[in-house]
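J.: Dropping the structure in here first, questions after.
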Amino acid sequence: MTKEELALEIIERLKKEYPDAGCTLDYDDAWKLLVSVRLAAQCTDARVNVVVEELYAKYPDVNALAEAAPEEIEEIVRPCGLGKSKARDISACMRMLRDVYGGRVPDDFNALLKLPGVGRKSANLIMGDVFGKPAIVTDTHCIRLVNRMGLVDGIKEPKKVEMALWKIIPPEEGSDFCHRLVYHGRDVCTARTKPHCERCCLKDICAKNGVE
């Protein structure tokens, strides 16, 4: 089975296993997803979803958050860890959205990368979830699982994993595929315990079958 064939088979099986998989960060506006994905670095999505409720209650739009002092933002987002740097990035990002883009999030990948605190993972998430464009989000679950499954061979650098996946994942499948990897990585192909290969829908085609 080629990597392309393996990828298509994995995509189909994960679709059946997690038909409704989507982004696990709560948001109802593009700028809120930008904020949440920055806060999610080294923090759980569940905690981020709780913390942002207070943040948005106090600063309900881009202008309000852009005008807030980084120290005030830090006070609220501290439970997510790395509060000072995250608050600084969020403040600078919101100011750039206000001053350069009229308060709207750009739908261009390279423009997103120029926003403070936004890397390839965040930009891909925005492109896929907000704008419905081809995207591959190489978070820790994605990197761990595609290596275990044999879709990539011992590649751990996020950009290199992303580039390898672009070659074998149909563009229209990338965003949902990565969301399903998050669900599968949390429930079955876990990081901190031995993977639960006995109940994995991919056990007969996984390259490593749980053996690191």
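J.: Give me the orientation-averaged projected area of the Cα convex hull of the chain, in nm², one decimal.
T.: With the hull built on Cα positions only, its mean projection is 11.4 nm².
J.: Here's something else I'd like to know. Dipole of the stretch 30-129, Cα-centred, from +1 at each Lys and Arg C-beta and -1 at each Asp and Glu C-beta, to the nearest 20 debye?
T.: My answer is approximately 300 debye.
J.: So, one more: Based on Cβ point charges of +1 for Lys and Arg and -1 for Asp and Glu, what charge dipole magnitude is obtained for the chain about its Cα centre, in debye rounded to the nearest 20?
T.: 740 debye
J.: Another question, then. What whole-number distance in Å separates the alpha-carbon centres of the stretch 121-192 and the stretch 14-38?
T.: Between the Cα centres of the stretch 121-192 and the stretch 14-38 lies a distance of 14 Å.
J.: Sort 84-95, 22-33 for me by packing, meaning the mean count of neighbouring Cβ atoms within 10 Å per residue, highest on top.
T.: 84-95, 22-33
J.: Right, here's the next one. What is the helix-to-structure angle for 174-187, meaning the angle in degrees between its Cα long axis and the longest Cα principal axis of the chain, kept from 0 to 90 and rounded to the nearest 10?
T.: Here the helix axis deviates by roughly 80 degrees.
J.: Taking the number of other C-beta atoms within 10 Å as the exposure measure, put Asp129, Asp153 in order starting with the fewest.
T.: With the fewest neighbours first, Asp129, Asp153 line up as Asp153, Asp129.
J.: Pairing the Cα long axis of helix 120-129 with the longest principal axis of the chain, what angle in degrees results, from 0 to 90 and rounded to the nearest 10?
T.: 90 degrees
J.: Would you mind putting 115-125, 188-198 in packing order, based on average other-beta-carbon counts within 10 Å, highest first?
T.: In descending order of packing, they fall as 115-125, 188-198.
J.: Going out from 0 in 10 Å bins, what whole percent of all Cα-Cα distances in the stretch 30-129 drops into each bin?
T.: So the P(r) values, bin by bin, are 17, 55, 28, 1.
J.: Counting pairs of alpha carbon atoms under 8 Å apart in space and at least six apart in sequence, what relative contact order in percent does the stretch 30-129 give?
T.: 30 percent
J.: If you stretched the chain out fully between Thr140 and Glu67, how much longer would it get, using 0.36 nm times the residue separation minus the C-alpha to C-alpha distance?
T.: Stretched fully, the Thr140-Glu67 segment lengthens by 23.0 nm.
J.: Related question: Can you list the cysteines of the chain that have no other Cys Cβ under 4.7 Å away?
T.: For the chain, the answer is Cys23, Cys93, Cys142, Cys178, Cys189, Cys197, Cys200, Cys201, Cys206, because their Cβ atoms have no other cysteine Cβ under 4.7 Å.
Coordinate-derived values only; no laboratory data. These numbers come from a predicted model, not from an experiment. Here Cβ is always computed from backbone atoms with ideal geometry, including for glycine, and neighbour counts include all displayed protein chains.
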